[in-house]
Amino acid sequence: MNAKKWLIRSACTALALVMLFAGFNILTDPMGVFGDPLFDWYSYNMTNNPRAAKIAYLDEHHGEYDSYIIGCSSTSSFPVDAFNEYTGASFYNMIMYGADMLDVEQISAYLIEHYTVKNLVVNVFLLNGAIYDQESDNILSNQHAKTNGENPLAFYSRYLFLDPRYGAAKITSKIKDTYLNQTFDVFNVKTGTYDKRKRDAEPIGSTEAYLEAYPGFGDYPVYTIQMNKIDETMASVARIKAMCEENGVNLTVVSAPVYIDHFKCFVPEQVEYFFTELAKVTDFWDFTLSSASCEMRYFYDETHFRNNLGYMAAGRIFGDDDMYIPDDFGAYVTSDNVGEHVASFASVTNDTSKYTVRFPVLMYHHLADEGDSSVTVSTEAFERQLSLIREWGYVPITLEELYNYVTLGTALPEYPVLITFDDGYTSNYELAYPLLMKYNTPAAIFVIGVSVGKDSYKDTDHAMNPHFGWGEAAEMVESGLITIGSHTYDMHQWAPFEEGKDAVRENILRLEDEDEDFYIEFLRADITRSMDEIESALGETPLALAYPGGAWDELAQAMLNELGVKMTFSTEVGMNTVIKGLPQSLYALKRYNINGDTTDEALKSYLDGSFTQ
């Protein structure tokens, strides 16, 4: 081979390799800048670089939206569905990791110039006073060339010749993808917010358990944050305001909540200057510091607050009185009251008694006229326990009262207790219900849908303890004392009676080696049927579900959240703490099992929380 042929062949080989390299990056498109032709997986792309990927996504989908919420990562918890409901608009959340106000200004300008924008909600976060015009990575943290004026050739070339490990990681992640988000796909593409289904399935009542899950709150570092970019930040806010006024866009400026220990890292004089200067530019809603800032369970970390706090913020902005909002949460700040507002930070205190209640849940199953056992309580013992509960000063409450405390802030008695029954046995109607009526004691009964009205196991000849029917359930509900909840439709199976089945659903968990999609559809169908039958028979949507066998996981809880179940019960032993404004504190509530071996002393220890295993 002569030198000329060798050179041509080498050049062709090199060109082919370059084209192969570029083609791989276009097809895998890990930041979504080429339209993600192979995967159409923008949750992954946005996780890598939300600044660039969201613009690429919206260029194709901006017709679905007419309003935007924009800012750094704390912005995610301002919920688009709440803003949609209050305004009748269609919001998209443009949260970006660590966005400074120049990012916000430039992207706002692009949105207003290229899309229909009726409303713009801008989060001017306290930390924005410390950063400005900052880009830590020109692959993962940079803006799209369309928004910051970068040369398009330079921009696309970087992604065209990207390290192929990015594309390989996307392929690997796709193989490992599951229904719930993982670290590689943390965004809800349709709303632009973080996908928090997993985190919002956590039961968060116990402070001890919360510190185990989020240890950063237990030993928060002490350091000083210098806010030396306030003037630049406020100049960007002023330009955003001018853009909105020129284009008829309704601008709302907010400042997101900050956890109290993080707030202490800021210099007070600089905080005062930050808000004073912001008030000169525009009126705004400030949620930075309140009693909510003192409660770690309202936060995932020092700057990321739970969506529920975002719903409260939206409720405060739009004057919604039909939800719980702490009295001191949110203030409308103007140049006239900014000094008074900042001065109020010094008086913020945390009194958990204002927004938490600690209480026990008692769990019963079957009653009998005689013969206590490990699963049965005699009517004599049950009546004595109802009497003692009242005698000791405890007040039985309903599921609805508990739910209203958390969602509306409705008061509960000083010493509440919740009484529950699992399975829906006829003895609950024939023996327990008359005694509950006698002592005017509310209770919740969780029924197995497939067993309602049956005395034999499903369609077999296997006899079982009889279960009451819908007529008896309706009579009890009509009394106002009994609430019917779900114990699933048919996910509490009894293995010895499930003849011929290789796998038996003894609880709500996914079976070993079961396809996730199949499991999700089965669970969705089972719970939907259970809830529909209860609503059809009793005229009310059930609030709660008791997990069969007490077993649950994040996927099951997340699915129940989607299906409208408001509270769930486990069989884990212990007291519960519920928190106003945090429905997660109603998940996997602990219960004390009451049976024939339960002594009066044990009952007392359950009620006062002194029981130890």
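Coordinate-derived values only; no laboratory data. Treat the numbers as computed from the prediction; the structure is a model and nothing was measured. Backbone-built Cβ (ideal geometry, glycine too); neighbour counts: all protein chains shown.
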In whole angstrom, and with the biggest value first, how far do the Cα coordinates of the stretch 72-166 range along each principal axis? 45, 30, 26
Among Tyr223, Tyr97, which comes first, second and so on when ranked by fewest other beta-carbon atoms within 10 Å? Tyr223, Tyr97
Pairs of alpha-carbon atoms within less than 8 angstrom and 6+ residues apart define the contacts here; what relative contact order does the chain have, in percent? 13 percent
Sort the stretch 185-262 into rounded, prolate or oblate with this rule: let a ≥ b ≥ c be the square roots of the eigenvalues of the Cα gyration tensor; rounded if a/c is under 1.5, and if a/c is not under 1.5, prolate when a/b is larger than b/c, oblate otherwise. oblate
Of the options Val573, Ile445, His366, report the single residue whose Cα projects farthest towards the positive end of the charge dipole of the chain (beta-carbon charges: Lys, Arg +1; Asp, Glu -1). Val573
Net length gained if the chain between Arg529 and Tyr415 were fully extended (0.36 nm per residue, minus Cα distance): 37.5 nm
Helix-only [θ] at 222 nm, the chain, -39500 (n - 2.57) per DSSP H run of 4+, per residue, nearest 500, equals -11500 deg cm²/dmol
If each part is reduced to its alpha-carbon centroid, the stretch 32-47 and the stretch 226-264 end up apart, in Å, by 30 Å
Roughly how big is the chain's charge dipole about its Cα centre, with Cβ charges of +1 (Lys, Arg) and -1 (Asp, Glu), in debye to the nearest 20? 2260 debye
Phi-derived 3J(HN,Hα) across the stretch 438-450 with the Karplus relation (6.51, -1.76, 1.60, θ = phi - 60°), rounded Hz, x for Gly and Pro, is 4, 9, 6, 10, x, 8, 10, 10, 9, 9, 7, x, 5
Hey, got the dipole for the stretch 251-341? About the Cα centre, +1 on K and R Cβ, -1 on D and E Cβ, debye to the nearest 20? 260 debye
Please compute the length gained on full extension between Asn404 and Ser335, using 0.36 nm multiplied by the number of residues separating them and subtracting their Cα-Cα distance. 21.1 nm
With a point put 7 Å past each Cα toward its Cβ, work out how far Val348 is from Leu160 in nm, to one decimal. 5.0 nm
For semi-axes √(5λ) of the Cα gyration tensor in Å the list reads (i) 77, 26, 21; (ii) 71, 26, 23; (iii) 51, 33, 20; the calculated value is entry (iii)
Any idea what angle helix 3-28 forms with the longest principal axis of the chain, computed on alpha-carbon atoms, 0 to 90 degrees, nearest 10? 40 degrees
Measuring from the longest principal axis of the C-alpha atoms of the chain, the long axis of helix 399-408 (C-alpha) lies at a number of degrees, nearest 10, equal to 30 degrees
For the stretch 356-608, rounded, prolate or oblate, judged on the Cα gyration tensor with a ≥ b ≥ c (square roots of eigenvalues), a/c < 1.5 rounded, else prolate if a/b > b/c? oblate
Net charge dipole size for the stretch 356-608 [Lys, Arg +1 and Asp, Glu -1 on Cβ; Debye, nearest 20]: 1060 debye
Order of Arg591, Arg390, Arg165, Arg529 under a 10 Å beta carbon neighbour criterion, fewest first: Arg165, Arg390, Arg529, Arg591
Quick one: helix 50-61 against the long Cα principal axis of the chain, what's the angle to the nearest 10°, folded into 0 to 90? 90 degrees
Please name whichever of Phe155, Pro583, Val357 sits farthest to the positive end of the charge dipole of the chain, dipole taken about the Cα centre and charges placed at Cβ: Lys and Arg +1, Asp and Glu -1. Phe155
Charge-dipole axis of the stretch 60-180 as Lys and Arg at +1 and Asp and Glu at -1 on Cβ define it, positive-most pick from Thr172, Met94, Ile107: Thr172
Please label the shape of the stretch 12-352 as rounded, prolate or oblate, based on the square roots a ≥ b ≥ c of the eigenvalues of the alpha-carbon gyration tensor (a/c under 1.5 means rounded; beyond that, a/b larger than b/c means prolate, else oblate). prolate
Which of Asp286, Asp40 has the fewest other C-beta atoms within 10 Å, and how do the rest follow up to the most? Asp40, Asp286
Please work out the Cα center distance from the stretch 338-359 to the stretch 163-195, rounded to the nearest Å. 39 Å
For the stretch 83-125 and the stretch 481-557, what is the separation of their C-alpha centers, rounded to whole Å? 41 Å
Could you order the peptides 341-353, 504-516, 301-313 from most to least packed, using the average number of other C-beta atoms within 10 Å per residue? 301-313, 504-516, 341-353
In whole Hz and in residue order, list the ³J(HN,Hα) couplings for the stretch 543-548 that follow from phi through the Karplus curve 6.51 cos²θ - 1.76 cosθ + 1.60, θ = phi - 60°; x for Gly and Pro. 7, 9, 9, 9, 5, x
